[in-house]
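Every read-out reported here was derived from the displayed coordinates using simple, explicitly stated rules and does not represent laboratory data. Fair warning: this is a prediction, and the values are worked out from it, not measured in the lab. Positions of Cβ are generated from backbone atoms using ideal geometry, with glycine treated the same way; all protein chains shown enter the neighbour counts.
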Amino acid sequence: MLSITYSPAYTLVPTYECFNRCSYCNFRQEPRKDQWLTESVAKQRLESLAGRGIREILILAGEVHPQSSRRKAWFELIYNLGKIALDLGFYPHTNAGPLSRSEIARLKEVNFSLGLMLEQVSPRLLTTVHRQAPSKEPQLRLEQLRLAGELGIPFTTGLLLGIGETDQEVEESLMAIANVQQEYGHIQEVILQPHSPGQKQTDNISAYSPQKLVQVITLARAILPAEITLQIPPNLVPNFSDLLACLAAGVRDLGGIVPIDEVNPDYHHQSVNQLSQLLEENGYLLQPRFPVYPTYFSWLNCDLQQRLSVFIN
C-alpha cells in the first residue's frame with residue numbers, strides 16, 4: 001500500500017484579531033474586539049488532550065501590526081504557548097504571519113517547524129482580495145520563506161487557490177517556491193488549499209473546482225523539487241472520488257486533522273478512522289506523522305531532538 005500521512009493535531013488560537021482584512025477570510029476579528037487566549041486556559045485545554053493521540057499543537061494566530069504597542073505581548077504569548085505545549089509533551093508548529101528575524105529565531109527554540117502560506121505571488125491581488133491586507137504583499141512573504149531558510153527552520157508554505165489568480169500566476173507562485181527551495185532546502189511541504197466559501201467572507205467568491213485542483217497538483221508535482229511533499233486539506237475536498245484523484249496526481253499528505261478547522265470552520269473533518277478505512281479500501285495506508293519530517297530531524301536543536309527521540313524510542 002502507498003502511505004499517505006497526516007498530523008494528529010490540535011489548534012490553539014492566541015487571538016483571532018488581525019490587522020489584515022482579506023475579503024475571503026473566515027477567521028479574523030477586528031483588532032481589540034477579541035479576548036486573547038490566556039496561558040492558563042491554554043494549559044488546561046492541552047492537559048485535557050492526554051491519551052487522545054494528539055502530536056502536533058498548531059499555534060495559529062491572527063496578526064498584530066509590527067508597529068503596534070501590543071506586538072511584544074502578542075509575540076510573548078505565542079512563544080509561551082509553544083513552551084507550554086513542549087513541556088506537556090506535544091510538538092508545536094506555529095503560523096503567525098510574517099515575523100521579524102529575531103521573532104522567527106526565538107520561535108525556532110520552541111517549535112519543530114514553522115509555516116506561512118505564500119498564497120500567490122501576484123501583486124495584482126493587492127488591488128482585489130488583498131487590498132486591505134498589507135502583510136499579504138508577495139515579496140514580504142517570499143522574504144519570510146528565505147529568512148526561515150537562512151535560519152535553518154523546517155518550513156511549510158502553500159498556495160491559496162481560487163482567489164482571483166490566473167493559471168500563469170499559479171505557475172509563477174510554484175516557481176517562486178521552487179527557487180527558494182533550491183537555495184535553502186528547508187521547505188518540507190506545500191499546501192494546495194482550494195478556497196471554500198464560508199459565512200464570514202465579504203466577497204462573493206465561489207468554491208474552487210476539484211478538477212482544477214487536480215490540474216494544479218499535477219503542475220506542482222512537475223515544478224517543485226521531489227523532496228517537497230504536496231498536501232491538501234481533506235475537509236475541503238468533500239467528494240471522496242475527488243480526493244482519490246488528488247492522491248493519484250501526487251498528493252501524499254493530508255495535513256493536520258483537527259477537531260475544528262479554525263481557518264475554514266464551516267468544513268469539518270471526517271474521523272481519522274473513517275478516512276483511514278476509505279483510503280485502505282482504495283490501496284492507501286493512512287499514517288500519523290510529526291510536524292517535522294524525518295529528513296529535518298537533524299536540523300532541530302538538541303532539546304527538540306531529544307523530545308522526538310523519547311517518543312520514537
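Out of F112, L161, W36, whose Cα points farthest toward the positive end of the dipole of the chain (charges: +1 Lys, Arg; -1 Asp, Glu; placed on Cβ)?
W36
Taking the Cβ of each residue in M175, M117 as the centre, tally the other Cβ atoms inside 10 Å and list the residues starting with the fewest.
Details: M175 13, M117 18.
Listing M175, M117 from fewest to most nearby Cβ atoms yields M175, M117.
Order these by the 10 Å Cβ neighbour count, fewest first: F240, F155, F112.
Working: F240 15, F155 25, F112 29.
By the 10 Å Cβ count, ascending: F240, F155, F112.
Would you mind calculating the relative contact order of the chain from Cα pairs under 8 angstrom and at least 6 residues apart, reporting the percent as a whole number?
So the answer I get is 23 percent.
Determine the shape class of segment 1-125: with a ≥ b ≥ c the square roots of the Cα gyration tensor eigenvalues, call it rounded for a/c under 1.5, and otherwise prolate if a/b is greater than b/c, oblate otherwise.
oblate
Run the dipole for segment 2-301 about the Cα centre, Lys and Arg Cβ at +1, Asp and Glu Cβ at -1, nothing else charged, and hand back the magnitude in debye, nearest 20.
Dipole magnitude for segment 2-301 comes out near 680 debye.
What is the fewest-to-most order of K43, K136, K72 by other Cβ atoms lying within 10 Å of their Cβ?
Details: K43 16, K136 24, K72 11.
Fewest-to-most ranking of K43, K136, K72: K72, K43, K136.
Which of the three applies to the chain, rounded, prolate or oblate, going by the alpha-carbon gyration tensor with a ≥ b ≥ c and a/c under 1.5 meaning rounded?
Cα axes put the chain in the rounded bin.
Can you compute the modelled spin-label distance between E280 and Q215, with each label point 7 Å from Cα toward Cβ, in nm?
Computed distance between label sites E280 and Q215 equals 3.7 nm.
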